[in-house]
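The values are calculated or read from the model by the stated rules, or taken from the named source; none is laboratory data. Note that the structure is a prediction, hence the values are computed from the model and not measured. Methodologically, a virtual Cβ is constructed for each residue, glycine included, from the backbone with ideal geometry; neighbour enumeration extends over all protein chains shown.
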Amino acid sequence: MNWLEVGLTVEAEVAEALVEVLSRYAPHRVAVEPEDEPLVEKVTIYAYLPGDEELDKRRRQVEEALWHLGQLWPLPTPTCKPLEDEDWMTVWQDRVSILRLGERVVIKPAWQRYAPAAGEIVLEMDSGMAFGTGLHPTTQLCVAALEKLVRPGMRILDLGTGTGILSLVAAQLAPVEILAVDHDSDAIAVARRNFRVNHVTQGIHLLRGSLSDVNSTHDLILANLLTPIIIRMAHAGLAERLRRNGFLIASGILVEQLVEVTAVLERNGLQVTETSQKGDWVALIAKRRGNPLWFPKARERRSEKARGSASVVCGRRPQ
């Protein structure tokens, strides 16, 4: 059977959304090739469609899906190249490149060999996944923040863990205890697999749930989510899950949303100490301040929870 290679070069922040779209018609046959490491500003996405009797139908579906996605982000005209059956797997694997995040983190596909330099952390991730392989600017910003903050013995809460990539990085940076939370059962299954593949099984726990299901306190909270979810979590007692002098790393925030997010966090027991930016996206580091009993409306929130108030779901950025 022959194959059709469909390729597009796009901004890195669009990559995960594009992979998700293409994966609907080329499941497990999508490759991501960074164009300009180590900055990873642009990537080329390749999808491989089987050249069977359904090819014309799949090609029309891909064109229609790309048109809809192009209403949100400008997309180039895709290139199409036929491949012989014996060539497509070799071409697909050759397309997948090693990705570098922060100062120390390297992400590679399972079939590639890589000799790490001193101090480097190497993770294996499925390059065909639609979410959480490190391409999005918010993931890159969070990794850089983790490299600054993670210390041995920390208790870390990862809200909206997705593929578990940020938990994996934290676990490899230092011996820590991690609670990785997500409301999506598929995400929990993917994260569990990634932990196992990377031999990270000690000190890491998965929980299907949301913020309201977390009763413990932590030295560091990760929230690579969406601005509305971060704001709702702040109002729902996010700071109360931090220990004294604990830190929050939050991203999924657009530049124009930073002022609003900062104001909400600072009204709810957190002080923003640092921000970083990549393209249109921002990550912030905030520190817990005060005694939990002094947080605004803390007692009111606990009373509402006792009466069965709605929980805040640990959703993730749309990809």
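Overview of values
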item	result
Count - residues of the range 188-210 that are among the hydroxyl-bearing types (Ser, Thr, Tyr) and more than 15 Å from ASP158 (Cα to Cα)	1
Odd one out for ARG232 among (1) among the basic types (Lys, Arg); (2) part of a strand (DSSP E or B); (3) modelled with pLDDT of 95 or more	(2)
Residue check, GLY153 surrounded by fewer than 24 Cβ atoms within 10 Å (Cβ to Cβ), outside any helix (DSSP H, G or I) and among the small types (Gly, Ala, Ser)	yes
Answer residue from the range 71-81, given it is modelled with pLDDT of 90 or more and surrounded by 10 or more Cβ atoms within 10 Å (Cβ to Cβ) and is nearest to the chain's Cα centre (by Cα) among those	LEU75
Condition broken by SER251, with the remaining ones in (1) surrounded by fewer than 18 Cβ atoms within 10 Å (Cβ to Cβ); (2) hydroxyl-bearing (Ser, Thr, Tyr); (3) outside any helix (DSSP H, G or I) satisfied	(1)
Test: residue in the range 42-51 that is part of a helix (DSSP H, G or I), at pLDDT below 85 and either of a type in the set (S, T, N, Q) or over 22 Å from the mean Cα position of the chain (by Cα) (or both)	no
Those residues of the range 235-246 which are in a strand (DSSP E or B) and crowded, with 19+ Cβ neighbours inside 10 Å, in sequence order	LEU242, GLY246
Failed condition for LEU173, given (1) under 14 Å from the mean Cα position of the chain (by Cα); (2) surrounded by fewer than 24 Cβ atoms within 10 Å (Cβ to Cβ); (3) more than 21 Å from GLU260 (Cβ to Cβ)	(1)
Filter result for ASP182 (surrounded by fewer than 22 Cβ atoms within 10 Å (Cβ to Cβ) and either acidic (Asp, Glu) or touching a residue at least 60 places away in the same chain (Cβ under 8 Å) (or both))	no
So LEU207, is it over 17 Å from THR273 (Cα atoms) and modelled with pLDDT of 95 or more	yes
